[in-house]
């Protein structure tokens, strides 16, 4: 069992799982229309392709605005350039870990390296997470309400259940965090009963140490949430900026479709809301990058507007730009950073 506790082994295992699922996705995407799909990818209009890359940089750019804006409450020495670089680096750690769990620890580490106190760094990460999560839930809610009224997707119980599950998970992440933070009875129950129970069934080794760490985390979250809500206008501004960021990400399928000559198959609204549906499914896939789940969701939802082989080609380019490109760029930036430190 010791081998599973080794960090290097976990990283290698994550990469192997990612490679395996990537190969499976490529196989099932290309097996029926291989030549047509390759032709669509090779002949895509380069201007529309460049615009798609501009949008992914826009997604990072607006996320960096939010990070730098929050960080300025704690330090005057954290520039937008540093914030943008951190967003790019975090892409790498989010991409190689299940549920994108590797990004936040690295974010904390990087902020501390920039001479920001650990408590302040924790608050910055917490506040950015809250704003991001609210933005995801808002767009998801709009997508669900829109489809309920206009029925742009065919009835499919599996897809409906997956989207509902994804929305519920994201919604209750926010609700749960606020309940744990502000409801002292829940706080007391977790510290005095739940953690003790986990200790009795040997899932927690040191109960008192775990209670202290959890209590400190709740205190930090409480401070961060209050700080965020102190200035309601800024809070709303940050949500709007992140909504713009997400719209940049969610519009990439449209620019790629235009690059393939499909200008009128779906519009801006349909593209953003369909992408929101896709991301809701990918949010609970326990594989690095949501690999497998996101591709499945993309194919099934955009099937309402496009058919193979165009749909398969679109999905492959979209997946490269929105996932693998960020992983590659993040890895390159991290490599340069290590050289600078040396």
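The values are calculated or read from the model by the stated rules, or taken from the named source; none is laboratory data. This is a predicted model, so every value here is computed, not measured. Neighbour counts are summed over all protein chains in view; Cβ atoms, including those assigned to glycine, are modelled from backbone coordinates with ideal geometry.
Kindly evaluate residue 59 against the criterion of being outside any helix (DSSP H, G or I), touching a helix residue (DSSP H, G or I) at 6+ places or on another chain (Cβ under 7 Å) and at pLDDT 75 or above. Reasoning before the result, please.
Numbers: outside any helix (DSSP H, G or I): no; touching a helix residue (DSSP H, G or I) at 6+ places or on another chain (Cβ under 7 Å): yes; at pLDDT 75 or above: yes.
No; evaluated as a whole, the condition is false for this residue.
Checking residue 77 against (1) part of a helix (DSSP H, G or I); (2) over 27 Å from residue 297 (Cβ atoms); (3) modelled with pLDDT under 90, only one condition comes out false. Which one?
Here residue 77 meets the rest and fails (1).
Which residue pairs have Cβ atoms under 9 Å apart, sit 6 or more places apart or on different chains, and have a first residue in the range 155-179 that is more than 24 Å from residue 303 (Cβ to Cβ) and a second that is at pLDDT 80 or above and not in a helix (DSSP H, G or I)?
That search, which allows pairs on different chains as well, returns nothing.
It is to be established whether one or more residues within the range 187-204 are more than 22 Å from the chain's Cα centre (by Cα), surrounded by fewer than 16 Cβ atoms within 10 Å (Cβ to Cβ), part of a loop (DSSP other than H, G, I, E, B) and at pLDDT 75 or above.
Yes.
I'm checking my understanding of the structure. Among residues of the range 80-108 that are free of Cβ contacts under 8 Å to residues at least 60 places away in the same chain and outside any helix (DSSP H, G or I), which one is surrounded by the fewest Cβ atoms within 10 Å (Cβ to Cβ)?
101
So that you can scan it fast, the table gives a plain yes or no per residue for (1) modelled with pLDDT under 80; (2) loosely packed, with under 12 Cβ neighbours inside 10 Å:
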position: 128; (1), (2): no, no
position: 153; (1), (2): yes, no
position: 166; (1), (2): no, no
position: 177; (1), (2): yes, no
position: 182; (1), (2): yes, no
position: 185; (1), (2): yes, yes
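Within 21 Å of residue 254 (Cα to Cα), modelled with pLDDT of 90 or more and in contact with a helix residue (DSSP H, G or I) (Cβ under 7 Å, 6 or more places away or on another chain): is that true of residue 294 in this structure? If you could, list the steps in order and put the result at the bottom.
Working: within 21 Å of residue 254 (Cα to Cα): yes; modelled with pLDDT of 90 or more: no; in contact with a helix residue (DSSP H, G or I) (Cβ under 7 Å, 6 or more places away or on another chain): yes.
For residue 294, the condition - within 21 Å of residue 254 (Cα to Cα), modelled with pLDDT of 90 or more and in contact with a helix residue (DSSP H, G or I) (Cβ under 7 Å, 6 or more places away or on another chain) - is not met.
Here are 139, 111: which of them is under 26 Å from residue 233 (Cα atoms), part of a helix (DSSP H, G or I), at pLDDT below 95 and within 19 Å of the chain's Cα centre (by Cα)? Step through it out loud before you land on a result.
Working: 111 fails: within 19 Å of the chain's Cα centre (by Cα).
Answer to the check: 139.
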